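All remarks here apply to the structure that follows.
The values are calculated or read from the model by the stated rules, or taken from the named source; none is laboratory data. This structure is a prediction, so every number in the text was calculated from the model and none was measured. Methodologically, a virtual Cβ is constructed for each residue, glycine included, from the backbone with ideal geometry; neighbour enumeration extends over all protein chains shown.
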Amino acid sequence: MSHEELIDRYKSAIAKRDLTTEDGLKAAAIISAQAEKEGVECALAGGIAMHIFGYLRATQDVDMIASGKLNLPSQDKLSIGGESYLVRVGERDITVDVIVRNDFFRDFYQAALHDAQALPNGWRIITPEWMVILKFLSGRGKDILDLLWLLKEPGLVDRGKIARLLEQVMGKTGAEVALRGLESFYVQAEVMRAGDKNGKRE
């Protein structure tokens, strides 16, 4: 790596500025309030939801699933359906992606939204089981890492419930096919959990 490339990486890292859980939740609160005013259902998903579950991975925006678009100035349209909005929190503009799927996966996202659980502040969050399913469907690298972390955490995910949720949307045959794809991740998660246990013994 040249010195110029190092400087470019340094500048890029400063510009990204990962979101804190606190700021992410403040941005989500603003969008949730607007959604409630418009009669739109929404729930927290993505990296900030992972923070709540206990996995403090880096994220630069907030993801929410919704039943419809909001009457706010749109920063961008999402290719999968929905829009991005800029929300001011303190001295920072935070991007909130409000996902309204318009493709093959719409039924999964709407079912996940329907089953979202309430937090003490009144906001809603996608359940860990639905997070596993949605991240499996996405298949991106960071989503697979999230999926594996969710699966390896003791007591966080009910695998039997995952099977039932898949069957609700896909039918029995479709669910069985999807579960075969998930099986390799279940095995990887068990290996990771065993490694964590062994590390603690040492």
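Asn121 meets all of the listed conditions (1) surrounded by 11 or more Cβ atoms within 10 Å (Cβ to Cβ); (2) in contact (Cβ under 8 Å) with a residue 60 or more places away in the chain; (3) not acidic (Asp, Glu) but one, namely (1).
Scanning region 16-42 for residues that are among the hydroxyl-bearing types (Ser, Thr, Tyr) and either more than 14 Å from Asn71 (Cα to Cα) or loosely packed, with under 14 Cβ neighbours inside 10 Å (or both) yields Thr20, Thr21. Restricting attention to region 59-90, the residues that are under 12 Å from the mean Cα position of the chain (by Cα) and aliphatic (A, V, I, L, M) add up to 3.
The lone criterion from (1) closer than 22 Å to Ile52 by Cα; (2) touching a Gly at 6+ places or on another chain (Cβ under 9 Å) left unmet by Leu166 is number (1). Looking at Ala45, is it touching a helix residue (DSSP H, G or I) at 6+ places or on another chain (Cβ under 9 Å), closer than 17 Å to Leu137 by Cβ and either surrounded by fewer than 13 Cβ atoms within 10 Å (Cβ to Cβ) or not assigned by TED's automatic domain parsing to the domain that holds Leu151 (or both)? For Ala45, the condition - touching a helix residue (DSSP H, G or I) at 6+ places or on another chain (Cβ under 9 Å), closer than 17 Å to Leu137 by Cβ and either surrounded by fewer than 13 Cβ atoms within 10 Å (Cβ to Cβ) or not assigned by TED's automatic domain parsing to the domain that holds Leu151 (or both) - is met. When Arg140 is tested against the conditions (1) within 17 Å of the chain's Cα centre (by Cα); (2) modelled with pLDDT of 95 or more, the lone failure is (2). Each residue in region 56-88 was checked for being within 14 Å of Asp18 (Cα to Cα) and not acidic (Asp, Glu), and 6 of them qualify. Considering Val187, Val169, the condition of being surrounded by 14 or more Cβ atoms within 10 Å (Cβ to Cβ) and more than 26 Å from Thr59 (Cα to Cα) is satisfied by Val169 alone.
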